[in-house]
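Note sheet for the following structure.
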Amino acid sequence: MLKLKHLRHPFQTATAAKSLLGARLSMWRFANHGAHRFKDDDRYDLQNVTEGFKSRIDDSSDDDALLERICTAYIRAVKQQKFAPSAYQATEWWKQVRHRNLGPVIQALLTNDTSTLRGMYQNFFRNPCSAGLLGAPFGMSKAYFGGNIKDVYRKFYLSHVLYRFDYWNAQTDGRFTLHHLAGPGIGNPFGVLIHGTHINVGAEYAHYCAHRIDSMLAPESGTIAEIGGGFGGMAYYLLRDRANLTYVDFDVPESIALISYYLIKAFPKLKFLLYGEDKLTKKAITQADAVLLPMFDLENMPAESVDITFSSHAMSDISPGAMDEYLKHIDRMTKNCFFYIGKQQTSESISGILGRKKDSFKLSDTRTSGWHSHKVSGAGVGGASGMAASTMLEQSYTRIAKPTR
């Protein structure tokens, strides 16, 4: 059906149609490439995708007390954020996400509407409340969540994840099996079901990051801070597999609310500290298993209070002024290592800022990251050439002097 907006904006409509056609053509090519590449692989069964996308909502538990706790912390954070420096205000990208997708969940959080919030969070992998953090492949929710999934979409998705599984296996030196990627099943996740194990979308990358961080930690207890933990994918594996650990996350209030739900549901026996529930002291941090805070609380972190600070992509779209502010506090609170994964341009900016601080960190390891290119690995220009063309870097910085206070 031809709509009025198409007549008003024929150039934009034609451009969008061309872009969509190109995306569909690329999907078709990759789907057929994967069918050939994995034809003798016992993991390549299209039914694995059908089973992986089946709805499995768990609505058996009463979450009222937890949701009320999350709403209370969220309202406190939103009120206080008005007085935070500009460096901690939402980026333009996140403002757009809020405007387009997060209105209902924000309303539920602000009004303590636990009934509505429960329905969203129990289905957050497939609900707009996780916009900006999760989404169906190519944004095609109807194609994947609308019932029967066409073979071309199943072939595309299965090929995509099998390439990523193989890359994950190579990057972790074959130390793990697919069973290690199993998640807690919270939020009605979608993905694939292989050899009886349901594996969430993005699980292999989250597990890889947790594995890298774990390898940097000393055998004894440690404290890890993450800038932009999303819904908690990496944190889940870290808390599941590493004992004597304190995890601290800084993010926008909406993401902190979601990660609070995910992790507290996943680990009901662990001790969590949410915003405003206690003063942010070293003692309060070390006595908790997880501390979940709005980004502006970064400036209130005690000096030398964490062993490793980690961030994946979250600092890619912040302003230069915000970058300086973040790194100032990362430098002050981090005792041993700062580990960053992201765009090459952002990585170079971080290196430049930290390089000017002669009593701060030194760059100790840089690796080209193939995770970005492996979104469509192996199809025509993918594989090795895709790796070579990757503009994502993984960089580790180690402490060369005591943090400045």
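The values are calculated or read from the model by the stated rules, or taken from the named source; none is laboratory data. Nothing here was measured: the structure is a model prediction, and the numbers come from that model. No Cβ is skipped: glycine too gets one built from the backbone with ideal geometry, and neighbour counts run over all protein chains shown. The accessibility values were calculated without ligands, DNA or RNA, using every heavy atom of the protein model including side chains. Shrake-Rupley method; radii C 1.70, N 1.55, O 1.52, S 1.80 Å.
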Among helices (runs of 4 or more DSSP H) entirely within the range 1-62, at least 2 residues that are at pLDDT 80 or above occur in 10-37, 47-52
Within the range 183-214, restricting to residues that are among the small types (Gly, Ala, Ser) and within 16 Å of the chain's Cα centre (by Cα), the one that is surrounded by the most Cβ atoms within 10 Å (Cβ to Cβ) is GLY187
Residue check: is ALA210 assigned to a helix (DSSP H, G or I), among the hydrophobic types (A, V, I, L, M, F, W, C) and within 22 Å of GLN122 (Cβ to Cβ)?
-> no
message: Yes or no: the range 304-313 includes at least one residue that is crowded, with 16+ Cβ neighbours inside 10 Å and farther than 18 Å from ILE224 by Cβ.
response: no
Flagged in the range 50-68 as in contact with a strand residue (DSSP E or B) (Cβ under 9 Å, 6 or more places away or on another chain) and open to solvent by less than 90 Å² (accessible area, probe 1.4 Å), in numbering order, are THR50, GLU51, GLY52, PHE53
The helices (runs of 4 or more DSSP H) lying wholly within the range 98-197 that contain at least 1 residues that are farther than 27 Å from SER60 by Cβ and of a type outside the set (S, T, N, Q) are 103-110, 141-145, 151-171
Residue count, the range 158-181, condition surrounded by 17 or more Cβ atoms within 10 Å (Cβ to Cβ) and more than 13 Å from VAL201 (Cβ to Cβ), comes to 9
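In the range 318-353, what residues are hydroxyl-bearing (Ser, Thr, Tyr), closer than 27 Å to LEU217 by Cβ and open to solvent by 40 Å² or more (accessible area, probe 1.4 Å)?
Answer for the range 318-353, where residues must be hydroxyl-bearing (Ser, Thr, Tyr), closer than 27 Å to LEU217 by Cβ and open to solvent by 40 Å² or more (accessible area, probe 1.4 Å): just SER349.
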